[in-house]
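Have a look at the structure below, then the notes.
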Amino acid sequence: MPDSTSLWGLFLSAFISSTLFPGGSEVVLGTLATHHTHDPWQLLGIATLGNTLGALTTWLLGLLLARRMRPETRLAPPRQRALEHVRKWGSPVLLLSWLPVAGDPLCFAAGFLRLPVLASFLFIALGKAARYAAILFAFA
C-alpha cells in the first residue's frame with residue numbers, strides 16, 4: 001500500500017472510530033507501527049487528529065441537538081449519565097473521551113452543555129494522544 005494511502009486509511013479509521021460508529025483505529029495504528037515504514041510521531045499526529053476531529057463531530061451533534069430540543073425532553077440513560085459527569089467535572093472530563101463506550105457520550109454531552117469548543121478540543125486531543133502514544137509504545 002502506498003505511504004499516503006496507508007496514512008489516509010489511518011486518519012479515516014481514527015475519525016470513524018471516534019464518531020458514533022465503531023472502528024478499529026488501534027489495529028490500523030499498530031499494524032503501521034510494526035511495519036516501521038512511517039515515523040511514529042507522524043502516526044501519532046495523524047491518528048490523534050482523526051480521532052479528535054471525529055470526537056468534535058460528536059460534540060457538534062450534541063450542540064445541534066441541544067439547540068433543537070425542548071427542555072423537558074429526556075436523553076437516553078448513557079447520555080444522561082454523561083451529562084451529569086460533564087456538569088460536575090467540566091471540560092477536563094474529556095481527557096477520558098478515548099474510553100470505549102463512555103467516550104462518545106462524554107463528547108456529545110460537552111456539546112449539549114455548550115462547553116467551550118477550544119477547551120473541549122484541547123482536552124479531547126490530550127486524552128486521545130495519550131492513548132495512541134501508549135499503543136505506539138506497546139508496538140515499539
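Bear in mind that the values in this text are calculations on the coordinates, not laboratory data. Just so we're clear, the structure is a prediction, and the values are computed from it rather than from any experiment. Here Cβ is always computed from backbone atoms with ideal geometry, including for glycine, and neighbour counts include all displayed protein chains.
For segment 1-110, taking Cα atoms only, Rg and Dmax work out to 16.0, 54 Å respectively. Membrane-span-like helices in the chain (whole DSSP H runs, Cα extent of at least 15 Å along the helix axis, mean Kyte-Doolittle hydropathy of at least 0.0): 3-17, 25-35, 40-68, 117-139.
Rounded to the nearest 500, the helix-only mean residue ellipticity at 222 nm of the chain stands at -24000 deg cm²/dmol, with each DSSP H run of n ≥ 4 adding -39,500 (n - 2.57). Sites listed here are trypsin sites (Lys or Arg not before Pro) in segment 111-140 whose DSSP assignment is loop and whose Cβ has at most 16 other Cβ atoms within 10 Å: ARG114. When you filter the trypsin sites (Lys or Arg not before Pro) in segment 51-106 for DSSP loop state and at most 13 other Cβ atoms inside 10 Å of their Cβ, you are left with ARG74.
In units of the rule-of-thumb radius 2.2 N^0.38 Å, segment 81-140 shows an alpha carbon radius of gyration of 1.15. Annotation: the residues THR57, THR19, THR48, THR5, sorted from fewest to most other C-beta atoms within 10 Å of their own C-beta, follow the order THR5, THR57, THR19, THR48.
With contacts taken as Cα pairs under 8 Å and at least 6 residues apart, the chain reaches a relative contact order of 29 percent. What the Kirkwood sum gives for segment 39-90 is a hydrodynamic radius of 13.2 Å, with every pair of different alpha carbons counted. For segment 75-126, averaging the sequence separation of C-alpha pairs within contact (under 8 Å, six or more residues apart) and dividing by the residue count gives a relative contact order of 42 percent.
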